[in-house]
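The values are calculated or read from the model by the stated rules, or taken from the named source; none is laboratory data. Remember, predicted model here, so these are calculated numbers, not experimental data. When we count neighbours, we look across all protein chains shown, and the Cβ atoms used for this are built from the backbone with ideal geometry, even at glycine.
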Amino acid sequence: MPTALPGSGPLITSLCLAAAAGVALAAGTRAGPGSRRGPGPDMLEVEVLGVRALPDGDANMLYLGAKDASAVLPLVVGRAEATAIEIRLRAATPPRPLTHDLLGKAIEALGAKVVRVEIDGLRNGTFFATIRLAQGGRILSLDARPSDSVALALRAGAPIYAARKVLDDGGLRRDDLESLRRGGQGETSPQRHPLGETQSL
């Protein structure tokens, strides 16, 4: 039975995303509906509010806040993705490129750039995201996990958007989030989180 190298999961994920980007760019496949250069009217720009470790030690809670609304989207992300996001938030430079740095460099080397990422779906307890790439006059799309999308967007300086429906179905109000924090429940495990398993990635 094949055995994965310790810590190889994030690297494999990044390499797969880089390969997908290469295939899409080389094939020149245009994105479907929603591939316009700007986000659709059902999208709200969000910003990273912070990352908190969960008690189980295996996951973290990523908080995204809508810039022009009171909604907050809490997402459970893996430790590796949380670290990649935190490093960028601190403007730190790792001694060697991390997996999301590698993905960003691969996209640049292929003559493209990340124009935005969109958290655009919530189905059966899983969030979905799309990375929008520009190459010449084309807008291309990559299906991706929200955690990878956010980590890449921070490195590329690209805006992050979330669909209104995703915010409505999976989000909290900022006041509710503050109440949870004051009540000592701000770092509950995914199973005990008020929104339950809908916060899984």
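List, please: which pairs have Cβ atoms under 6 Å, are six or more places apart or on different chains, and start with a residue in region 83-98 that is acidic (Asp, Glu) and end with one that is surrounded by 18 or more Cβ atoms within 10 Å (Cβ to Cβ)?
From residues that are acidic (Asp, Glu), the pairs are GLU86/VAL51.
Within region 123-138, count every residue that is in contact (Cβ under 8 Å) with a residue 24 or more places away in the chain, outside any loop (DSSP other than H, G, I, E, B), surrounded by fewer than 18 Cβ atoms within 10 Å (Cβ to Cβ) and not polar (S, T, N, Q).
Qualifying residue count for the region: 2.
Cβ-Cβ distance below 8 Å, separation of 6 or more or different chains: which pairs start in region 104-122 with a residue that is surrounded by fewer than 19 Cβ atoms within 10 Å (Cβ to Cβ) and end on one that is part of a helix (DSSP H, G or I) and of a type in the set (Gly, Ala, Ser)?
Listed by first residue and then by second, the contacts come to ALA106/ALA18; ALA106/ALA21; ALA106/GLY22; LEU110/ALA21; LEU110/GLY22; LEU110/ALA26; LYS113/ALA156.
Here are some conditions: (1) part of a helix (DSSP H, G or I); (2) within 20 Å of LEU172 (Cα to Cα); (3) free of Cβ contacts under 8 Å to residues at least 24 places away in the same chain. LEU49 meets all but one. Which one does it not meet?
Condition not satisfied by LEU49: (1).
Among the residues of region 114-123, is there at least one that is over 21 Å from VAL77 (Cα atoms), out of contact with any Lys or Arg (no Cβ under 8 Å at 6 or more places or on another chain) and at pLDDT 95 or above?
No, every residue in region 114-123 fails to be over 21 Å from VAL77 (Cα atoms), out of contact with any Lys or Arg (no Cβ under 8 Å at 6 or more places or on another chain) and at pLDDT 95 or above.
Taking region 120-145, which residues are over 16 Å from ILE107 (Cβ atoms) and touching a Leu at 6+ places or on another chain (Cβ under 8 Å)?
THR126, PHE127, PHE128, ARG145 - these are the residues of region 120-145 that are over 16 Å from ILE107 (Cβ atoms) and touching a Leu at 6+ places or on another chain (Cβ under 8 Å).
Being surrounded by fewer than 16 Cβ atoms within 10 Å (Cβ to Cβ) and either touching a helix residue (DSSP H, G or I) at 6+ places or on another chain (Cβ under 7 Å) or under 23 Å from LEU140 (Cβ atoms) (or both) is the filter here; which residues of region 64-88 pass it?
Passing the criteria: only SER70.
Of (1) under 22 Å from ASP169 (Cβ atoms); (2) surrounded by fewer than 20 Cβ atoms within 10 Å (Cβ to Cβ); (3) under 17 Å from the mean Cα position of the chain (by Cα), ASN60 satisfies all except one. Which?
Status for ASN60: all satisfied but (2).
Which of the residues that make up region 132-151 are of a type in the set (A, V, I, L, M, F, W, C) and closer than 14 Å to GLU81 by Cβ?
ALA144, VAL150, ALA151
Need the failing condition index for SER147 against (1) touching an Asp or Glu at 6+ places or on another chain (Cβ under 6 Å); (2) part of a strand (DSSP E or B), just the number.
That leaves (2) as the condition not met.
Quick check, is ILE12 at pLDDT 80 or above and either farther than 29 Å from ARG173 by Cα or assigned to a helix (DSSP H, G or I) (or both)?
Answer is no for this residue.
Which one of these is among the charged types (D, E, K, R), more than 22 Å from GLY170 (Cβ to Cβ) and not in a helix (DSSP H, G or I): ARG116, ARG88, ARG96? Spell out how you get there, then give the answer.
Working: ARG116 fails: more than 22 Å from GLY170 (Cβ to Cβ); ARG88 fails: not in a helix (DSSP H, G or I).
Result of the check over ARG116, ARG88, ARG96: ARG96.
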